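Contents: one structure, followed by commentary.
Each value in this text was obtained by applying a stated rule to the coordinates, not by laboratory testing. Every value quoted in this text rests on a predicted model; they were computed, and no experiment measured them. When we count neighbours, we look across all protein chains shown, and the Cβ atoms used for this are built from the backbone with ideal geometry, even at glycine.
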Amino acid sequence: MYLERLNLINFKNVREADLTFSEKINCLIGHNGAGKTNVLDSIYFLSHCKSFYNTLDTQCARHGADFMVIEGHYVMEDGRDERVYCGLQAGKHKKFKRNDKVYKRLSDHIGLLPLVIVSPADQTLINGGSSERRRLVDSIISQRDHEYLHLLIRYNNALQQRNALLKQEGKVQDEVIDVWDYQLSEYGTEIFKRRKTFIDALTPIFQHYYSYLSEDKERVGIGYESTLTEESLADQLKKNRERDLRVGFTTCGTHRDDLNMLIEDYPINQVGSQGQCKTYLLALKLAQFDFLKKETGKTPLLLFDDIFDKLDARRVGRIIELTSSNHFGQIFITDTNREHIDDLIAKMGQENKIFDVEDGEVRELRIKG
């Protein structure tokens with residue numbers, strides 16, 4: 001699978017762009033703030049129905065514009081063409097279309113175009129709160145398991161309803177809370193099972209990549225932390241009900257799960273060096289790529305957003321050696337340095353295109369030599 005053509009109108013600082021990409025390597029160069037990352041984010045948007053960097057859709061429209069459009073033309077593994085359109089107009093809900101047919105539910109689109117992005121923002125997976133790590137896990141599983149995504153939606157709805165009851169003044173009938181406890185237990189238990197199965201499958205792939213990138217220097221692991229490993233959610237909800245009523249929210253459940261990111265059996269956020277943390281995150285994203293490729297039967301797009309100049313030459317060399325193989329498909333790279341990009345391309349030895357980005361204007365450059 002690859003993105004053949006991308007059309008943008010009023011996406012962030014890009015007023016208009018019509019870009020045709022290489023099936024293999026695509027590089028975008030430009031100063032910080034020029035719009036390189038915005039192009040990558042538009043590609044992410046087409047896969048996930050939302051921005052990687054902005055919480056609100058309205059933040060993705062160019063300042064002063066009352067609408068935005070993102071349209072991608074893809075070629076799938078079997079040669080089929082897929083056209084995906086996203087339109088957002090001020091005051092209205094965003095509209096997603098696949099081959100001119102409007103989606104009734106955006107969740108039905110997730111997984112059609114698997115994608116992995118590697119970004120400096122990934123550091124929040126190590127240093128941020130548990131919600132960041134849950135979001136990553138849920139995003140990966142949802143790209144190959146639509147039922148899982150629907151379980152999450154139902155669980156979160158039940159959680160909101162239960163929390164609203166807990167905040168009410170006065171006596172709350174146990175029978176009413178029982179209704180939401182039952183739903184939380186049903187959906188939460190299944191979410192827990194699928195997350196655990198996923199972590200068990202991902203861990204050896206992740207460890208393989210870390211070993212390769214670090215040249216076998218350390219042992220790493222991923223631990224899944226959930227109270228459901230010790231006691232059923234139904235029992236926990238019943239046991240903690242009085243406390244939940246006092247504090248006004250649900251204190252147990254899969255919405256509080258976390259990942260333990262370990263190096264030599266210690267939390268990496270406490271003992272890991274900057275280089276070890278970067279290698280850990282890269283290995284995690286490459287493992288995500290392998291998992292999605294195997295589970296979806298499609299080769300995910302791989303986006304590297306401004307990461308190569310923050311890595312030492314040895315790690316860059318290992319990444320290039322990996323991603324230049326036929327195992328990987330279409331790759332997008334952003335960088336601020338043309339010479340750096342030319343060096344990367346020479347080492348990768350793959351078909352490629354280079355684009356210059358300046359103040360939201362994107363133009364294809366001729367390849368040197």
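Taking segment 283-305 as the range and being surrounded by 23 or more Cβ atoms within 10 Å (Cβ to Cβ), in a helix (DSSP H, G or I) and aliphatic (A, V, I, L, M) as the test, the residues that pass are Leu284, Leu286, Ala287. Taking the criterion of being more than 19 Å from Leu151 (Cβ to Cβ), hydrophobic (A, V, I, L, M, F, W, C) and touching a residue at least 24 places away in the same chain (Cβ under 8 Å), the only residue of segment 92-111 that qualifies is Phe96. Checking the stated criteria, Ile333 turns out not to satisfy the condition of being buried (at least 19 other Cβ atoms within 10 Å of the Cβ), touching a residue at least 40 places away in the same chain (Cβ under 8 Å), more than 16 Å from the chain's Cα centre (by Cα) and part of a helix (DSSP H, G or I). All of (1) under 22 Å from the mean Cα position of the chain (by Cα); (2) touching a residue at least 12 places away in the same chain (Cβ under 8 Å); (3) more than 25 Å from Asn326 (Cα to Cα) hold for Gln59 with one exception: (2). All conditions but one from (1) farther than 20 Å from Arg144 by Cβ; (2) in a loop (DSSP other than H, G, I, E, B); (3) under 14 Å from the mean Cα position of the chain (by Cα); (4) not hydrophobic (A, V, I, L, M, F, W, C) apply to Thr124; the one that does not is (2).
Among the residues examined, Leu3 does not qualify as hydrophobic (A, V, I, L, M, F, W, C) and over 20 Å from Glu82 (Cβ atoms).
To keep it simple, each residue is scored yes or no on (1) farther than 11 Å from Phe355 by Cβ; (2) touching a Ser or Thr at 6+ places or on another chain (Cβ under 9 Å).
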{"position": "Glu4", "(1), (2)": "yes, yes"}
{"position": "Leu8", "(1), (2)": "yes, yes"}
{"position": "Asn13", "(1), (2)": "yes, no"}
{"position": "Glu16", "(1), (2)": "yes, no"}
{"position": "Asn26", "(1), (2)": "no, no"}
{"position": "Ile29", "(1), (2)": "no, yes"}
{"position": "Lys50", "(1), (2)": "yes, no"}
{"position": "Asp57", "(1), (2)": "yes, yes"}
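Of the strands (runs of 3 or more DSSP E) lying entirely inside segment 65-109, those containing at least 2 residues that are farther than 14 Å from Ser47 by Cα are 67-75, 81-89. Within 24 Å of Glu169 (Cα to Cα) and of a type outside the set (Gly, Ala, Ser): does that describe Gln207? So Gln207 does not fit the description; no. For segment 233-266, name all the residues that are in contact with a helix residue (DSSP H, G or I) (Cβ under 7 Å, 6 or more places away or on another chain), polar (S, T, N, Q) and more than 27 Å from Tyr210 (Cβ to Cβ). Once the filter is applied, which keeps residues that are in contact with a helix residue (DSSP H, G or I) (Cβ under 7 Å, 6 or more places away or on another chain), polar (S, T, N, Q) and more than 27 Å from Tyr210 (Cβ to Cβ), segment 233-266 yields Gln236, Thr250, Thr251.
Among the candidates Asp257, Asp265, the residue that is in contact with a Phe, Trp or Tyr (Cβ under 8 Å, 6 or more places away or on another chain), closer than 23 Å to Leu202 by Cβ and of a type in the set (Asp, Glu) is uniquely Asp257.
Conditions (1) within 14 Å of Leu115 (Cα to Cα); (2) touching a residue at least 24 places away in the same chain (Cβ under 8 Å), marked per residue:
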position: Gly33; (1), (2): no, no
position: Ser42; (1), (2): yes, yes
position: Phe52; (1), (2): yes, yes
position: Thr55; (1), (2): no, no
position: Asp66; (1), (2): no, yes
position: Ile70; (1), (2): no, yes
